[in-house]
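The values are calculated or read from the model by the stated rules, or taken from the named source; none is laboratory data. Note that this is a predicted model, so its numbers are computed, not measured. Ideal geometry is used to build each Cβ from the backbone, glycine not excepted, and the neighbour counts take in all protein chains shown.
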Amino acid sequence: MEARVSGLRDLYEDFVRTFGNVLFAVCLFLVWGVLTLIGVVVEQGLEPSAYFDAYAAPVARAIVRLGFDNIYHSYWYVGIIGLILLSLTVCTFKRVIPARLPPLRPVRIDKIPLNASIAIPGTVDDVRAKVDAFFRKRGWQVRERTFDGAEWIFADRFNWARRGVLIAHLGFVIIAAGATIYWARGFAGEAAIVTGQTFEIPRTHALVRLDTFGYKIQPIATKSGMVYQPIDYVSHVTVTGNDGVAKHETIRVNQPIDIDGTLYYQASYGFAMRFDVTHNGARVGSLSDRTLMEGEALEIPGTLKSVQYARFVPTVDRVTGQPGPDPRVNDPAVVLNVFNGDAQVGAALVPLQTWIDLGGGWRIVPHTYLMYTGLQYRYDPGATLVGVGAFVLLAGLVIAFYFLPARLYVRVDEGPEGTATVGVAATTVKGYDIYEKQFGELTKALEGNAWTSS
């Protein structure tokens, strides 16, 4: 039985030694920071095929298999937060509280680096009362205690600031709680909605219909030439939430709308295309009725050929016949890539209402462009907690770094020839060197006062 208890005690001490180690906590924070950075760099929530298109195969496989495509909901991310909270708890109760909130107890004054001994005329009781008044007058919190018949004076300055680190720890706990709530209940995504199209949000089943989309471009003349600066993107949408009532809303950049607690942001815009596809002069409805986004392709039936809609060109330079820099729609065209199997066999800049012939009686005519809006949506029920936690964390750090709690240990003893000896020692939570100047000024003021016997 004793061996089992001893083994458990050793295990507990190893646990406290590991999770109470500052270096271990710092390493956990570094891992958390790296995982968070991965979530910023790697676009989240895409289909696996999108990662294989964007990255080399080994990198894409690592992203998908390790859950980096949805990292904020992964067990890696939540597990690291749990370990950080555990480490903070151990550090708080085993290191921070004992160091920051020391009990009132007697010390060996001459063993503390910041100490002084001052001889003051008067009886012990009289000098003790005057020392008490001296510190109280200067804003120190004074408490008197008796240990083994000896009376001590404990004077504290900014004693409340000792809790700054504890407040910072509490702030991180609140942030972690908010992140956990988002992990359990929150979600985020994005959608590209073509004018006239209705999109259903997968998690909430809210309906968003793009009625019209508009954008404003401001030409700015610079020394290097004309620059076209986008100044506004506007999506006019009809939304239907849980109440079943259709409402007209306007989404602008940095002006999201709220549907049942989910925020929708204006993120991007673009041009979708419809093509007239004919074979031997007859319109092919299955291909002509499709609306293509950039990067999508039309597969030509009965052949290995396909035509990819690469990008939309709002303005073609009339002099060079090449894509112009003006993003406003003036003389529009599209860039089409032609493939035979997996091999690209050609590319062409095709103005609207003109065509390219693919051979075998197939003709492609860029017919109509439609604006689409790129929306990002996010539901984060823990956002308020994260905001509160960030404020509490900042407040704790400000308290911990900009205030210097100090404690004075004062003992008044009988001195020679009608004097009392005042022994003073000082400690701080930030070491002795940082308080050396203030301690010298304080003891000098204490010694220089006009002390007289009652």
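If you take the residues of region 416-454 that are modelled with pLDDT under 90 and in contact with a Lys or Arg (Cβ under 7 Å, 6 or more places away or on another chain), which of them is surrounded by the most Cβ atoms within 10 Å (Cβ to Cβ)?
429
For region 294-326, enumerate the residues that are surrounded by 16 or more Cβ atoms within 10 Å (Cβ to Cβ) and either among the polar types (S, T, N, Q) or in a loop (DSSP other than H, G, I, E, B) (or both).
Scanning region 294-326 gives 294, 300, 306, 308, 314, 315, 324, 326.
Which of the residues belonging to region 40-75 are within 20 Å of residue 188 (Cβ to Cβ), of a type in the set (A, V, I, L, M, F, W, C) and either in contact with a helix residue (DSSP H, G or I) (Cβ under 6 Å, 6 or more places away or on another chain) or not in a helix (DSSP H, G or I) (or both)?
Answer for region 40-75, where residues must be within 20 Å of residue 188 (Cβ to Cβ), of a type in the set (A, V, I, L, M, F, W, C) and either in contact with a helix residue (DSSP H, G or I) (Cβ under 6 Å, 6 or more places away or on another chain) or not in a helix (DSSP H, G or I) (or both): 42, 46, 63, 64, 66, 68, 71.
For residues in region 387-406 being assigned to a helix (DSSP H, G or I) and crowded, with 18+ Cβ neighbours inside 10 Å, which is modelled with the lowest pLDDT?
Ranking the qualifying residues of region 387-406, first place goes to 400.
Taking the condition of being of a type in the set (Val, Ile, Thr), crowded, with 18+ Cβ neighbours inside 10 Å and closer than 25 Å to residue 182 by Cα, how many residues in region 77-99 meet it?
Qualifying residue count, region 77-99: 3.
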